[in-house]
Amino acid sequence: MAVATAPSLNRHFLRRVSNPYSRVKKRRPWLTPGDSTLFYSRRNWDSQLLVFASSSSPSPSSSPPSPNSRTDDLTAESCVNTGLDLFKRGRVKDGLVKFETALSLNPNSIESQAAYYNKACCHAYLGEGKKAADCLRIALRDYNLKFATILNDPDLASFRALPEYKKLQEEARLGGEDIGNSFRRDLKLISEVRAPFRGVRKFFYFAFAAAAGISTFFTVPRLIQAFKGGDGAPDLLETTGNAAINIGGIVVLVSLFLWENKKEEEQMVQINRDETLSRLPLRLSTNRVVELVQLRDTVRPVILAGKKETVTLAMQKADRFRTELLRRGVLLVPVVFGERKTPVTGKKGFGASSKAATSLPSIGEDFDTRAQSVVAQSKLKGEIRFKAETVSPGEWERWIRDQQTSEGVDPGDDVYIILRLDGRVRRSGRGMPDWAEISQELPPMDDVLSKLER
């Protein structure tokens, strides 16, 4: 049996750590740009997983390696690959043992990242949220894991609905020694794009405040001398006025600087919330599962959240305006609070469902644009109807409750949220929407205003 080389390791088991929706034709590196071995498709990943044993995947009838087996060439690499195959076959606990074994075999940084991340996925599958969060925290802090990977991975869908995920996400947003600063840097970059002159304003506030501070430093001795009086003493009124202007300027400029910092933090929180929303999954009328981000520029989702009877009544009323709402690209997304269905998990390993579509750019991924083909986009438009079903309702409910808290609405109240074509929140309100008003408010899809909204 040939032992996999380091390039093979990058090529195969780290394919799992990269964006799981990787069925696009465009190939991009993960973690180590420039390493051509990382430009590898999911199709090759599925067919060549067990690189330590063979260049092709085992047949369904072949038995996987025993989790307790030992060979003379046991390495962290082989343990991770074996663990991935065990998980793919539904033997999650055995795969977890292999990932733990890999961490005890002096792994390098790449092997450690893969082992900790996939160990977290096993804990998430087993419902062990705290253990999953601990593993992800180590991978983020010590091994440069991108938080976008956690956002995107369908194998972590159940984990993202837990309080442990919310805590981990908040820690990553704030940054620090315990979790690293990569996610915070990504958020700041997007914040700077949305508010390009904030950095310039903060620079001038700081510079002028520093200048006023230096001036005050030299004014204070003159003010003391003016109070003492005597020959050659400066004019008291003039010196007092200068000191007051400097101190007042410092107070105003520091206040403006702190206000800009506060607005930046609020914007980063909103960006984080928008990104979470964009990754929530939907099932279209054709049973195809897509992320909300894939519907950008195509539809205006209207989220109806609340009690079952309220949401059902709102859907019935919307049907009366179906034609007008469809002309305006409205897609109804009902979310019934407390109706958390257990997601169906196909034990195919760590990755997207075969029905999952290509995801679009995400924070934390160097803002790479993975373009969808014209044919694929046209097909997606053809599959979109008037209503979509939520996948992983727990994730949807958690996001809506967070949005309610940020808007000062009691969590659990009936609300509606209308999104723009670019995926951001257009407006929201308590209760259910007035469909006649919405039909008048939203421009048709072929209108100039709709094109400006994209």
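Just to be sure before I move on: is residue 267 without any contact (Cβ under 8 Å) to a residue 24 or more places away in the chain, farther than 20 Å from residue 393 by Cα and out of contact with any Cys (no Cβ under 6 Å at 6 or more places or on another chain) in the structure I sent?
Numbers: without any contact (Cβ under 8 Å) to a residue 24 or more places away in the chain: no; farther than 20 Å from residue 393 by Cα: yes; out of contact with any Cys (no Cβ under 6 Å at 6 or more places or on another chain): yes.
Against the criterion (without any contact (Cβ under 8 Å) to a residue 24 or more places away in the chain, farther than 20 Å from residue 393 by Cα and out of contact with any Cys (no Cβ under 6 Å at 6 or more places or on another chain)), residue 267 does not qualify.
Would you pick out the residues in the range 169-183 that are closer than 28 Å to residue 396 by Cβ and open to solvent by 30 Å² or more (accessible area, probe 1.4 Å)?
Correct list: 170, 171, 174.
Which of the following residues is of a type in the set (Lys, Arg), more than 24 Å from residue 266 (Cβ to Cβ) and open to solvent by 80 Å² or more (accessible area, probe 1.4 Å): 228, 166? Lay out the reasoning, then the answer.
Values: 166 fails: more than 24 Å from residue 266 (Cβ to Cβ).
One residue alone meets the criteria, 228.
Looking only at the range 236-246, filter to residues that are at pLDDT below 90 and open to solvent by 90 Å² or more (accessible area, probe 1.4 Å); which one of those is nearest to residue 205 (Cα to Cα)?
Taking the candidates together, the pick is 238.
Keeping to the range 405-425, report how many residues are of a type outside the set (Val, Ile, Thr), touching a Gly at 6+ places or on another chain (Cβ under 8 Å) and surrounded by 17 or more Cβ atoms within 10 Å (Cβ to Cβ).
3
Got a number for residues in the range 184-208 being exposed (fewer than 11 other Cβ atoms within 10 Å of the Cβ) and of a type in the set (S, T, N, Q)?
Of the residues in the range 184-208, 0 are exposed (fewer than 11 other Cβ atoms within 10 Å of the Cβ) and of a type in the set (S, T, N, Q).
Hey, can you tell me all the residues within the range 403-450 that are free of Cβ contacts under 8 Å to residues at least 12 places away in the same chain and under 24 Å from residue 273 (Cα atoms)? Give the derivation first.
Filtering the range 403-450 down to residues free of Cβ contacts under 8 Å to residues at least 12 places away in the same chain leaves 404-405, 408, 410-411, 427, 434, 437, 440-441, 446-449.
404, 405, 408, 410, 411, 427, listed by residue number.
Out of all the residues in the range 110-118, is one or more under 30 Å from residue 401 (Cα atoms) and modelled with pLDDT under 85?
No, because not a single residue in the range 110-118 is under 30 Å from residue 401 (Cα atoms) and modelled with pLDDT under 85.
In the range 112-123, is there at least one residue being touching a helix residue (DSSP H, G or I) at 6+ places or on another chain (Cβ under 8 Å) and assigned to a loop (DSSP other than H, G, I, E, B)?
First pass over the range 112-123, keeping only residues touching a helix residue (DSSP H, G or I) at 6+ places or on another chain (Cβ under 8 Å): 112-123.
Now drop any that are not assigned to a loop (DSSP other than H, G, I, E, B), which leaves none.
Looking for residues that are touching a helix residue (DSSP H, G or I) at 6+ places or on another chain (Cβ under 8 Å) and assigned to a loop (DSSP other than H, G, I, E, B), one finds none in the range 112-123, hence no.
I need the full set of residues from the range 386-404 which are open to solvent by 60 Å² or more (accessible area, probe 1.4 Å) and assigned to a helix (DSSP H, G or I), in order please.
The one that is open to solvent by 60 Å² or more (accessible area, probe 1.4 Å) and assigned to a helix (DSSP H, G or I): 401.
Given the residues 257, 321, which is the only one that is over 27 Å from residue 195 (Cβ atoms) and not polar (S, T, N, Q)? Talk me through it step by step, then tell me what you get.
Working: 257 fails: over 27 Å from residue 195 (Cβ atoms).
Only one candidate passes the filter, namely 321.
Is one or more of the residues making up the range 133-150 assigned to a helix (DSSP H, G or I), of a type outside the set (S, T, N, Q), touching a residue at least 60 places away in the same chain (Cβ under 8 Å) and buried (at least 23 other Cβ atoms within 10 Å of the Cβ)? Please lay out each step first, then the result.
From the range 133-150, those assigned to a helix (DSSP H, G or I) are 133-142, 147-150; that's our starting set.
Checking which are of a type outside the set (S, T, N, Q) leaves us with 133-142, 147-148, 150.
In the following step, the residues that additionally are touching a residue at least 60 places away in the same chain (Cβ under 8 Å) were identified as 147-148.
This time we only want the ones that are buried (at least 23 other Cβ atoms within 10 Å of the Cβ), so: 147.
Taking every residue of the range 133-150 in turn, at least one turns out to be assigned to a helix (DSSP H, G or I), of a type outside the set (S, T, N, Q), touching a residue at least 60 places away in the same chain (Cβ under 8 Å) and buried (at least 23 other Cβ atoms within 10 Å of the Cβ).
What do you reckon, is residue 370 of a type outside the set (Gly, Ala, Ser) and at pLDDT below 80? I'd like the intermediate steps shown before the answer.
On the way: of a type outside the set (Gly, Ala, Ser): yes; at pLDDT below 80: yes.
Yes; evaluated as a whole, the condition is true for this residue.
When you scan the range 307-341, how many residues do you find that are free of Cβ contacts under 8 Å to residues at least 24 places away in the same chain and under 24 Å from residue 422 (Cβ atoms)?
Number of matching residues: 0.
Take the residues in the range 426-452 that are in a loop (DSSP other than H, G, I, E, B) and either among the hydroxyl-bearing types (Ser, Thr, Tyr) or closer than 20 Å to residue 315 by Cα (or both); name whichever of them is most open to solvent (accessible area, probe 1.4 Å). Step through it out loud before you land on a result.
Initially, the range 426-452 is screened for residues in a loop (DSSP other than H, G, I, E, B), giving 431-434, 442-447.
Filter once more, keeping what is either among the hydroxyl-bearing types (Ser, Thr, Tyr) or closer than 20 Å to residue 315 by Cα (or both): 431-434, 442.
On the way: 431: 26, 432: 50, 433: 16, 434: 85, 442: 3 Å².
Going through the qualifying residues, I end up with 434.
Filter the range 247-297 down to residues that are among the polar types (S, T, N, Q) and at pLDDT 90 or above and give me whichever is nearest to residue 170 (Cα to Cα).
261
Select, from 299, 269, the only residue that is in contact with a Gly (Cβ under 6 Å, 6 or more places away or on another chain) and of a type in the set (A, V, I, L, M, F, W, C). Break it down stepwise before answering.
Working: 269 fails: in contact with a Gly (Cβ under 6 Å, 6 or more places away or on another chain).
Within the list 299, 269, the selection yields 299.
Would you tally the residues in the range 151-171 being assigned to a helix (DSSP H, G or I) and either touching a residue at least 40 places away in the same chain (Cβ under 8 Å) or under 11 Å from the mean Cα position of the chain (by Cα) (or both)? Give the derivation first.
Initial filter on the range 151-171 (assigned to a helix (DSSP H, G or I)): 151-152, 154-160, 163-171.
So of that shortlist, the ones also either touching a residue at least 40 places away in the same chain (Cβ under 8 Å) or under 11 Å from the mean Cα position of the chain (by Cα) (or both) come out as 151-152, 154-155, 157-158, 160, 166, 169.
The number of residues fulfilling the criteria is 9.
Give the residues of the range 98-117 that are in contact (Cβ under 8 Å) with a residue 24 or more places away in the chain and either of a type in the set (Gly, Ala, Ser) or surrounded by fewer than 18 Cβ atoms within 10 Å (Cβ to Cβ) (or both), sorted by residue number.
Result: 102, 105, 106, 108, 109, 112, 114, 115.
Could you check how many residues of the range 326-349 are more than 13 Å from residue 394 (Cα to Cα) and at pLDDT below 90?
Within the range 326-349, residues that are more than 13 Å from residue 394 (Cα to Cα) and at pLDDT below 90 number 6.
The values are calculated or read from the model by the stated rules, or taken from the named source; none is laboratory data. Here the structure is a predicted model, which means the values were calculated and not measured. Positions of Cβ are generated from backbone atoms using ideal geometry, with glycine treated the same way; all protein chains shown enter the neighbour counts. Only protein heavy atoms, including side chains, enter the accessible area calculation; ligands, DNA and RNA are left aside. Shrake-Rupley method; radii C 1.70, N 1.55, O 1.52, S 1.80 Å.
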